[in-house]
Amino acid sequence: MTSPVFRFAPSPNGELHLGHAYSALFNRRLADEAGGRFLLRIEDIDTTRCTPQFEQSIFRDLKWLGLEWETPVRRQSEHFADYREALDRLIDAGLVYPAFMSRGEVRARIVEMEASGRPWPRDPDGAPHYPGDDRHLAGRQRRQRIAEGIPFAWRLDMARTLAHIRAPLAWSEAGSGPQGETGAVPADPGAWGDVVIARKEVPASYHLSVVVDDALQGITHVVRGRDLFHATAVHRLLQELLGLPVPLYHHHGLILDEDGRKLSKSRGDTTLAALRAAGITPADIARMVGLA
């Protein structure tokens with residue numbers, strides 16, 4: 001019987017904060033309790049925002065917290081070929097299409113529709129669905145636009161994809177969702193519309209890279225924040241399409257700021273490095289996140 005495998009997978013696009021500390025420590029605790037393995041994965045597929053400096057700060061912070069992990073560490077930027085292979089399978093199956101509409105064009109379409117009194121569908125994160133005009137372009141038109149260098153993203157043709165799925169999708173949830181969902185949770189990938197699977201310059205989005213990485217690394221338990229609960233529906237769909245194993249999921253609560261908002265790198269919320277410089281100890285961090 002194989003050992004359970006857990007992972008912590010930060011992106012090196014900023015300094016770690018208390019929310020990251022909680023997720024990393026919680027993964028490590030569950031791995032220890034299950035007699036399993038703990039992996040660190042660097043999700044640096046966004047090469048424009050991720051830097052080696054932030055990666056090194058991740059290592060420093062996690063070591064300071066007392067965490068150890070197996071080596072070598074998987075870096076997404078070193079495995080584009082794995083994602084390209086998965087993307088090519090979806091392209092060959094006719095389940096994705098190149099989407100050329102700019103954000104401005106999408107925004108204008110939504111404004112026009114909503115001005116006429118027709119609501120525009122939005123995904124669980126509140127982002128508007130892609131209009132999908134490009135879904136109906138002829139192959140010749142697609143090839144011509146790509147040859148002309150027009151920017152595009154590969155989007156999942158959700159309607160066609162769902163028609164290929166023979167049985168309802170679900171996942172096993174050991175944590176809970178925003179509404180307390182637990183146990184066997186039905187997956188509703190259609191709620192996301194035609195999600196981005198890859199971009200012209202990068203052969204994967206978060207959705208595609210995470211399911212490929214989890215499968216290749218043999219991850220058996222995905223333990224992550226509740227803000228990714230609904231995205232699991234897209235991950236279950238991709239796992240089904242690509243014939244990938246389905247891990248157990250555990251979505252944990254989030255560490256919030258004084259205003260009740262999720263901590264964020266982009267807002268410059270207090271980092272672990274700043275707390276360390278202020279004299280806070282790893283034991284203090286564990287108490288602050290409720291894992292003492």
Could you list all residues from the stretch 3-59 that are under 28 Å from Pro203 (Cβ atoms) and hydroxyl-bearing (Ser, Thr, Tyr)? Ser11, Ser23, Thr47, Thr48, Thr51, Ser57
With a cut-off of at least 1 residues that are within 15 Å of the chain's Cα centre (by Cα), name the strands (runs of 3 or more DSSP E) lying wholly within the stretch 179-278. 196-199, 221-225, 248-252
So, in the stretch 279-292, exactly how many residues are touching a helix residue (DSSP H, G or I) at 6+ places or on another chain (Cβ under 7 Å), assigned to a loop (DSSP other than H, G, I, E, B) and not small (Gly, Ala, Ser)? 2
For the stretch 243-255, state whether one or more residues are among the β-branched types (Val, Ile, Thr), under 25 Å from Ala167 (Cα atoms) and buried (at least 21 other Cβ atoms within 10 Å of the Cβ). no
Could you figure out which of (1) without any contact (Cβ under 8 Å) to a residue 60 or more places away in the chain; (2) assigned by TED's automatic domain parsing to the domain that holds Leu39 isn't true of Gln239? (2)
Identify the residue in the stretch 125-138 that is exposed (fewer than 14 other Cβ atoms within 10 Å of the Cβ) and over 11 Å from Phe100 (Cα atoms) and, among all such residues, is nearest to the chain's Cα centre (by Cα). Asp125
Return the total of residues in the stretch 163-173 being surrounded by 14 or more Cβ atoms within 10 Å (Cβ to Cβ) and modelled with pLDDT of 95 or more. 4
Under 7 Å by Cβ, and 6 or more places apart or on different chains, what pairs join a residue from the stretch 219-230 that is without any contact (Cβ under 8 Å) to a residue 40 or more places away in the chain with one that is assigned to a strand (DSSP E or B)? Asp227/Lys262; Leu228/His251
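Here is a yes/no grid of residues against (1) surrounded by 15 or more Cβ atoms within 10 Å (Cβ to Cβ); (2) more than 21 Å from Pro12 (Cα to Cα):
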residue	(1), (2)
Glu201	no, no
Tyr206	yes, no
Ser209	yes, no
Gln217	yes, no
Arg226	yes, no
Glu240	yes, yes
Ala277	no, no
Arg287	no, yes
In the list Ile45, Ile58, which residue meets the criterion of being assigned to a loop (DSSP other than H, G, I, E, B) and either assigned by TED's automatic domain parsing to the domain that holds Ala277 or hydroxyl-bearing (Ser, Thr, Tyr) (or both)? Ile45
Given the condition in contact with a Gly (Cβ under 8 Å, 6 or more places away or on another chain) and charged (D, E, K, R), answer yes or no: does some residue in the stretch 135-150 qualify? no
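Out of all the residues in the stretch 1-42, which are aliphatic (A, V, I, L, M) and either assigned to a strand (DSSP E or B) or out of contact with any helix residue (DSSP H, G or I) (no Cβ under 9 Å at 6 or more places or on another chain) (or both)?
Residues of the stretch 1-42 that are aliphatic (A, V, I, L, M), as a first pass: 1, 5, 9, 16, 18, 21, 24-25, 30-31, 34, 39-40, 42.
Answer for the stretch 1-42, where residues must be aliphatic (A, V, I, L, M) and either assigned to a strand (DSSP E or B) or out of contact with any helix residue (DSSP H, G or I) (no Cβ under 9 Å at 6 or more places or on another chain) (or both): Met1, Val5, Leu30, Ala31, Ala34, Leu39, Leu40, Ile42.
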Within the stretch 96-118, residues over 20 Å from Leu156 (Cα atoms), not hydroxyl-bearing (Ser, Thr, Tyr) and not in a helix (DSSP H, G or I) come out as Gly117, Arg118
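The values are calculated or read from the model by the stated rules, or taken from the named source; none is laboratory data. Quantities reported herein were computed from a predicted structural model and do not represent experimental measurements. Ideal geometry is used to build each Cβ from the backbone, glycine not excepted, and the neighbour counts take in all protein chains shown.
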